[in-house]
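The values are calculated or read from the model by the stated rules, or taken from the named source; none is laboratory data. For clarity, every value in this text was computed on a predicted model and none was experimentally measured. Every residue, glycine among them, receives a Cβ derived from its backbone with ideal geometry; neighbour counts consider all protein chains shown.
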Amino acid sequence: MAIQARKISSLLRESGFNVFEVETNPELPKGSRGIAKMKGFRTIIRLFLFLYHLHKVLPHVDVVYFLTGFFNFFFWVTYPALILIKIEGKRVILSARGGEAGRFFRRYGILVKPILRSVDTISVPSGFLRDVFKEILNIEPTVIPNISDLQQFSFRERFPVQAKLLTTRNLEEMYNVDCVIKAFKEVHYHFPESLLGIVGEGSQRKVLEKMVGVLGLTDCVKFYGRVEHAEIQNVYDQYDIYVNASNVDNFPGSILEAFASGLPVISTLVGGIPYLVKDGVTGLLVKMNDYVALAEKVVQLVREPDMALRLAQNAKGECEKYSWEHVKAVLFPILEN
C-alpha cells in the first residue's frame, strides 16, 4: 500500500492536484518511545497521532483517498478515520486491498457493512476483490488498477531463459516462500547451475535460511533482505524467471514488476492472481502449495525457450493496462465528481 500511495501522490501532483499525505503509522515522538514499549501502547499512540494529523489536514482538502487493508488494520485505523472524515463532511474514496478480504467480510461483515456503505466510492485493484465485495456484502466497487511504473522497469527479453529464479515477497507464512525453495531443490537437480534470489524480510527468514542449509542449497540461494523499491529493478535484471507460491493474495504488484521487466511468471492460482495472470498466455499457474508442479513449470520454460519468450511478450502487453495513463482515465472522473 505504501508504494502505491507514494506513486499516486506523486502522479496526482504532477497532474496539477494539491495533495497532502498523512501516514497511518507515523514516527513516535521521542518522549513516548519508552511508554510505547509496553504492550498495546505503540498502536494506541500511533492511532492518536494519525487521527490528529488527519484532523489537521481535513479542512484543507475536498477528497480523501484512503488506502486500507483488513483485519486489525481496518478496526484500529480505517474505522475511526472514516468516522472522523464523515464528521468533517469530506468525500472519501476507500481504496480497499488484501487477499483475505473475503474471510474478513464473512467474519465481520455485520460490523463493517454500515461504515462501508457510508463511503462515497470504494475502489479495488482487481476483479477478484470486486467480486468479493459483490458476493458477500452486495456492494459494487470500482476497479482502479494498481499502477505499474513502466518508466522504472525496463523490459528485456531472455532468450534462451536460464534457470535463474527470483521471488520478491515478504517472508511470512502466507507467501509460502518455503514452497519456492522446495521447488528450486527439484529444479537444481535438473540444472546444477541454477540460482534462486529471495528478496524480502519477515518472521520466516531464519526458518527459510535454515531450510536452505538443510537442503544443501546455500551456495546457490541468495537472501537479499529488504531492497528499496527504487533499486529493485537492478535485482530483476539479474534473473530470468519469476516464481510466486503465495497461499493468499489479491493483486501482487511484484508480478506486474516481473511482467514489466521481461521475466516469465509462474505462480500459484490463488485469490486474485488468475485475474492478473492468464494461464498459458501471460504466465503459468499451478495449484497452491504444489512445489512439484512449480518445479515442472520452471523446467518446461528452460527447455522450451520459445514458450518462455511468448509468455513474457504477452505479459508486457498486459502490463500496459496498469500504466498511469490508463489508471487516471478511471480515477480522474471520480475525483472531479
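The table for this structure:
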item: Residues of region 140-177 classified as outside the structural domain of Ile93 (by TED's automatic domain parsing), without any contact (Cβ under 8 Å) to a residue 40 or more places away in the chain and either surrounded by fewer than 21 Cβ atoms within 10 Å (Cβ to Cβ) or part of a strand (DSSP E or B) (or both), total; result: 3
item: Near pairs, Cβ below 8 angstrom, 6+ apart or cross-chain, from region 185-200 (in contact (Cβ under 8 Å) with a residue 60 or more places away in the chain) to any residue that is buried (at least 21 other Cβ atoms within 10 Å of the Cβ) and in a strand (DSSP E or B); result: Val187/Leu165
item: Qualifying residue in region 106-116 (condition: over 30 Å from Val187 (Cα atoms), within 19 Å of the chain's Cα centre (by Cα) and either modelled with pLDDT of 95 or more or surrounded by fewer than 15 Cβ atoms within 10 Å (Cβ to Cβ) (or both)); result: no
item: The listed residue being among the small types (Gly, Ala, Ser), at pLDDT below 95 and either in contact with a Gly (Cβ under 9 Å, 6 or more places away or on another chain) or more than 22 Å from Asn289 (Cβ to Cβ) (or both), out of Gly200, Gly272, Gly225; result: Gly272
